[in-house]
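Working notes, beginning with the structure itself.
Every read-out reported here was derived from the displayed coordinates using simple, explicitly stated rules and does not represent laboratory data. On a predicted model such as this, the values are computed, not experimentally measured, just so you know. Heads up, the Cβs are rebuilt from the backbone with ideal geometry, glycines too, and the neighbour counts pull from every protein chain shown.
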Amino acid sequence: MVSGPSAPRSQLDALSDAIRALTTEISIERVLRRLAEISAHLVNARYAALGVPSEMGGLAQFYTYGMTERQVARMDHLPVGHGLLRELLRVTNPIRLEDLRQDPRSAGFCAAHPTMTSFLGVPIISKGVHLGSLYLCDRLNNQPFSDEDERLVTMLAGHAAVAIENARLNEQLRKLAIIEERDRIAMELHDGIIQQIFSVGIRLDITRRTQNPPDEIAEQLKNAASELNRVIEDLRMYIRDLNRGVDYAVTLGDQFREVFEGFRSVSSSRLVSDIQPGLTHLTEDKVHVLVQLTREMLSNIARHARASEVYVELVDNGHSTELTISDNGIGFNPATVQRGRGLDNMTSRVGRLGGTLTIDSSPGHGATLRADIPHTSPPTSAHTPPAGETNGG
Ligand SMILES: Nc1ncnc2c1ncn2[C@@H]1O[C@H](COP(=O)(O)OP(=O)(O)OP(=O)(O)O)[C@@H](O)[C@H]1O
Ligand SMILES: [Mg+2]
């Protein structure tokens, strides 16, 4: 257990407890939540927060400790990852300040934000990648954070990196195990149970035909055989549902939401989205490609377009899935623009699924990307469309 801020325990004991508490958590969400709390106790900070970067450079998740629900509710926005928070997602060393308000990087606090003075921020880095940052504010004795505090939180951040990596790995394994288990159940049902029920039905039929039972018994045998056929049909339907990407449908919405949140955290453009609900039949491959296209296109818009409006639409017309993303920004000429990897990756991802990708854009007229991916997969060899399919329309 982690001791309260006023407990007379050595900070090293507290650190050791904190690390133990972290490494016993296996859910990533719980690791992150506990980390904010644990680090606040460790150095007697009134407030703590933990930010996790999004792939687009802002914050994907933000957990706070020490603020009341009312304080959180009164703020008009959660931090968007500017100023100090952004800085901590880039630097490799801690940042320690006696008075946060005096620092020019402390921009971006909304009016209702509680006043905070002393500050200690520590990046959480694993193998050169920023997994998150810890922010601690207002030491309880009104003193600034000390060298010792910085050392302890830096040590904690090192262990936190391992705990976060472990929890992520655990989650991946769990998902994989669910998919494998589903496949196994579907196979057992199909090859085992259905075949057994089928053979019982046949035996009932043979008995009825060869034993000349009285009419009433013959009728009962016939009904029992039909009943078994219905059970087999139900099982077949159940297997189809198991094999269909039920899971993917859930994650499609979640994944898009996460990409949109990432975009909103780094761009002031207004993003309107229209994602058709109930897309339960898309394969995992297709969901992955759609999400990656959206991610890259929104990242291009955030970085290059200077747009005020962005529109994302995903619809299914029964034969194919159509993704449209438009912006009203500065536009570009797709035929002559100097390409990075983004546009070419998008073209080949869609091509591999037998779909088409077009980009309509010209300088001064915004840009529209349209991807159309058919339901049937392409013939055996991967189809990569000619370069002309991404055009300036
Ligand atoms: N929505 C957009 N509005 C304006 N210009 C864009 C837009 N999308 C792409 N561009 C232009 O097209 C160029 C090529 O885009 P592409 O995604 O291939 O490369 P990149 O974004 O520069 O680099 P990266 O490899 O990191 O993705 C961009 O550099 C930019 O000039
Ligand atoms: Mg790009």
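Overview of values
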read-out: Ranked by how many other beta carbons lie within 10 Å on average, peptides 116-125, 214-223 from highest; value: 116-125, 214-223
read-out: Spacing of the two label points (7 Å from each Cα toward its C-beta) at Arg306 and Ile232, in nm; value: 6.9
read-out: Extension reserve of the Gln292-His365 stretch, reckoned as 0.36 nm per residue once the Cα distance is removed; value: 23.8 nm
read-out: Sum of side-chain charges, Asn317 neighbourhood, beta-carbon under 15 Å (Lys, Arg +1; Asp, Glu -1); value: -3
read-out: Those trypsin sites (Lys or Arg not before Pro) in the stretch 264-365 that DSSP places in a loop and that have at most 16 other beta carbons within 10 Å; value: Arg306, Arg339, Arg341
read-out: Using θ = phi - 60° and Karplus 6.51 cos²θ - 1.76 cosθ + 1.60, couplings along the stretch 307-317 (whole Hz; Gly, Pro as x); value: 8, 9, 10, 9, 10, 10, 10, 10, 9, 10, 9
read-out: Estimated vicinal HN-Hα couplings, Hz - the stretch 320-330 in sequence order (Karplus 6.51, -1.76, 1.60; Gly, Pro = x); value: 8, 10, 10, 10, 10, 10, 10, 9, 9, x, 6
read-out: Nonlocal amide H pairs with Met67, under 5 Å, H built at 1.01 Å; value: Ala48
read-out: Karplus (6.51, -1.76, 1.60) ³J(HN,Hα), θ = phi - 60°, over the stretch 289-296, in Hz, Gly and Pro reported as x; value: 5, 4, 5, 5, 4, 5, 4, 5
read-out: Cα-projected label distance for Thr324 with Asp99, points at 7 Å along beta-carbon direction, nm; value: 5.5
